[in-house]
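Notes follow once the structure below has been shown.
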Amino acid sequence: MKNVVLVSASPKINEQSVSQQFLQMAGSKIDTTEFNKTFIDVRKSMTTHNLSEDFETLSKADAIIISFPLYVFCMPGILTRFLVDYYNYFTESGNARNNVKVYAIVNCGFPEPEINLEAVRVIKSFSQHINAAFRFGVLIGGGPMMFAAKDAPFMKKAVQKLSDAFLSIVADINNENFTEMASIKIGVNFPFSRRLYFFMGNRGWISMARKNGLQKKDLYKKPYRLNP
């Protein structure tokens, strides 16, 4: 049986992780009678100093699926550290399998999924450094809203496209063909008015500020700005 390792890389501590939810959706498409399926939580791995065990699990993978949110137009720092450490483990131990397939699931707060593309290119570069085959990425626009509204009638087509994207990962894992992919992305965008989407998002920031004892004007402060 092939080993599939699903890596959740959200830095969140107490809040529910959208990236983990998308990863679980993808994982639900994987038949456990055909694959051994293992989940790794990057934050938990690093805070509990469980890296060696998780790196050994990764080194035995036939396929790796990495799910994470877009942070400042790229990967969260905790994932960058994790991948660098795994690369060092890989080069020192030499235990990793050949012909490993790698996939990325990236979600962002923007409605346009293509904003995630640069982060996917980083995962592609990482794959090349560990002699793995990067296959493609699933780019999700409006990630938090996409999941929160997934049961709404207007979301039917978007949710189906998302499901098809995750099924395409499973189909590609099953395919023994390692030819170069024609595209490195499958984009899934939030089907909503862009103007209304940003209006609701801005209202959300104001509501969050008030819950933390701040006012709207406090959102525009620049405490990091140096005085001339």
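Backbone geometry of the stretch 130-142 corresponds, through the Karplus equation with coefficients 6.51, -1.76 and 1.60 at θ = phi - 60°, to 3J(HN,Hα) couplings of 9, 6, 9, 9, 6, 9, 5, x, 9, 9, 10, x, x Hz, x marking Gly and Pro. For the stretch 3-89, what does the alpha-carbon gyration tensor say about shape, rounded, prolate or oblate, given a ≥ b ≥ c as the root eigenvalues, a/c under 1.5 as rounded, and a/b over b/c as prolate? In terms of gyration-tensor shape, oblate. Straight Cα distances below 20 angstrom link residue 101 to the aspartates and glutamates 31, 34, 41, 54, 56, 62, 85, 118, 164, 172, 176, 180, with same-chain residues fewer than 8 positions distant left out. Residues whose amide H comes within less than 5 Å of that of residue 66, counting only those at least five positions distant or on another chain, are 7, 103, 104, 105 (H built at 1.01 Å from N in the peptide plane). Summarising the amide proton neighbourhood of residue 61: residues at separation of 5 or more, or on other chains, whose placed amide H is nearer than 5 Å comprise 97.
Only Cα pairs under 8 Å and 6+ residues apart enter the sum, and on that basis the relative contact order of the stretch 2-191 stands at 22 percent. In sequence order, the stretch 63-68 has phi-based couplings of 8, 10, 10, 10, 10, 7 Hz under the Karplus curve 6.51 cos²θ - 1.76 cosθ + 1.60, θ = phi - 60°, and Gly or Pro positions carry x.
Read the figures in this text as sums done on the coordinates, not as results from a lab. Please read all numbers here as calculations on a predicted model, not as lab measurements.
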